[in-house]
Amino acid sequence: MAKEYFDLIPVINEENSWRMDVNKNIIIQTKRQGIISRIASKYFNRPKNKEIELDGYGSIVWQKINGKSTIGDIVEEIIGELGEEKTLACKRAAMFFEMLRFHGLIRFAGYT
């Protein structure tokens, strides 16, 4: 993974809301997108929003996204807190942030 990637600053998409459940896992509530989802909501009584529950690791990372810390900063915190090996922590974080970005849950500051 290129060093420049770890210099990116993740920012939570404010169109979504999130909360912590009793197990301290983060649950992100997001609006369903696309025509099929809207049809399903209207005609098949599906909820207009969907909930995404993060696991323990994802919940810890999510809470560190503050719009100021870089991905590298967050990875260093994770290494310190969880004692994870650096190479593994970098790979896991990169995959996790890309998944969040792909699903529109975050963006990177300075990028559209």
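The values are calculated or read from the model by the stated rules, or taken from the named source; none is laboratory data. As the structure is a computational prediction, the values presented were derived from the model and not from experiment. Methodologically, a virtual Cβ is constructed for each residue, glycine included, from the backbone with ideal geometry; neighbour enumeration extends over all protein chains shown.
For (1) modelled with pLDDT under 95; (2) in a helix (DSSP H, G or I), each residue gets a yes or a no:
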site: Asp73; (1), (2): no, yes
site: Ala89; (1), (2): yes, yes
site: Gly104; (1), (2): yes, no
site: Thr112; (1), (2): yes, no
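Tallying residues that are touching a residue at least 12 places away in the same chain (Cβ under 8 Å) and farther than 16 Å from Glu15 by Cβ within the stretch 63-107 yields 21.
Among the residues of the stretch 71-88, just one is small (Gly, Ala, Ser) and surrounded by 14 or more Cβ atoms within 10 Å (Cβ to Cβ), namely Gly72.
Annotation: of all residues in the stretch 24-54 being surrounded by 11 or more Cβ atoms within 10 Å (Cβ to Cβ) and modelled with pLDDT of 90 or more, the one that is farthest from Leu105 (Cα to Cα) is Asn25. Lys68 meets the stated requirement of being exposed (fewer than 12 other Cβ atoms within 10 Å of the Cβ), at pLDDT 95 or above and either under 17 Å from the mean Cα position of the chain (by Cα) or outside any loop (DSSP other than H, G, I, E, B) (or both).
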